[in-house]
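Asks: The structure that follows is given in the form of structure tokens.
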Amino acid sequence: MTKHASVRAGRILDAQLHLLDRQVLDADRVPIAAVDDIELTDIASGDIAVGTEGPIIENLLSGPVLATRIFGGRPPASRWHRVPWGLITELGTAIRISAPGSDLDVTWVERWMRDHVIGRIPGGRHAPE
């Protein structure tokens, strides 16, 4: 081992290739979100030297990005829904997590629509026959 090489615990990922725009599936394999961005540990640019640890992924972010993709800019941090990196169980064509989707804030819009809109439609409170 050279003086600049180090052993890293973990895996090196290309965020654009392995994470962004991937579907997130909950413990029951139900789609709950798509990855729009990632949240990294704080690291100043230029601080990564050969043999040192790089940034570590803390959360996968999902949120209202359609308008920002069209017009530019970035949504406020308060609008992002976070999926903690510690919940990830599998990285593949889809990203699987160990928690049910109902436990995460990322599905609040769906739950609100179910309770306040769909539930008010006649027949909307029971499963289809």
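Where a number appears in this text, it was derived from the coordinates with a stated rule and is not lab data. Bear in mind that the values here come from a model prediction, so they are computed numbers and not experimental data. No Cβ is skipped: glycine too gets one built from the backbone with ideal geometry, and neighbour counts run over all protein chains shown.
Asks: Quick one: give the max-minus-min coordinate of the C-alpha atoms of the range 61-129 along each principal axis, largest first, in Å.
Replies: So the three principal-axis extents are 40, 34, 22 Å.
Asks: Turning to a different aspect of this structure: So what are the ³J(HN,Hα) numbers for the range 93-103, from phi and the Karplus equation (6.51, -1.76, 1.60; θ = phi - 60°), rounded to whole Hz, Gly and Pro as x?
Replies: 5, 10, 9, 9, 10, 8, 9, x, x, 5, 7
Asks: FRET efficiency for Thr41 and Leu66, Cβ-Cβ distance as r, R0 = 25 Å, nearest 0.05?
Replies: After rounding to 0.05, the efficiency reads 0.35.
Asks: On the first, second and third principal axes, largest extent first, how far apart are the outermost C-alpha atoms of the range 15-120 in Å?
Replies: That gives 59, 34, 21 Å along the principal axes, largest extent first.
Asks: Taking amide hydrogens as modeled 1.01 Å from N in the peptide plane, which residues meet the under 5 Å criterion relative to Ala33, leaving out close sequence neighbours?
Replies: Amide H neighbours of Ala33: Val24.
Asks: Taking amide hydrogens as modeled 1.01 Å from N in the peptide plane, which residues meet the under 5 Å criterion relative to Ile38, leaving out close sequence neighbours?
Replies: Leu61
Asks: For an R0 of 25 angstrom, estimate the FRET efficiency from the Cβ-Cβ distance between Ser98 and Arg74 and round to the nearest 0.05. Intermediate values should be presented prior to the final figure.
Replies: Values: r = 29 Å, r/R0 = 1.17.
Computed FRET efficiency for Ser98 and Arg74: 0.30.
Asks: Let me ask you something else. List the relative contact order of the range 15-120 as a percent without decimals, with contacts defined as Cα pairs under 8 Å and 6+ residues apart.
Replies: Working: 149 pairs, mean separation 30.8, N = 106.
Taking the mean separation of contacting Cα pairs over the length of the range 15-120, I get 29 percent.
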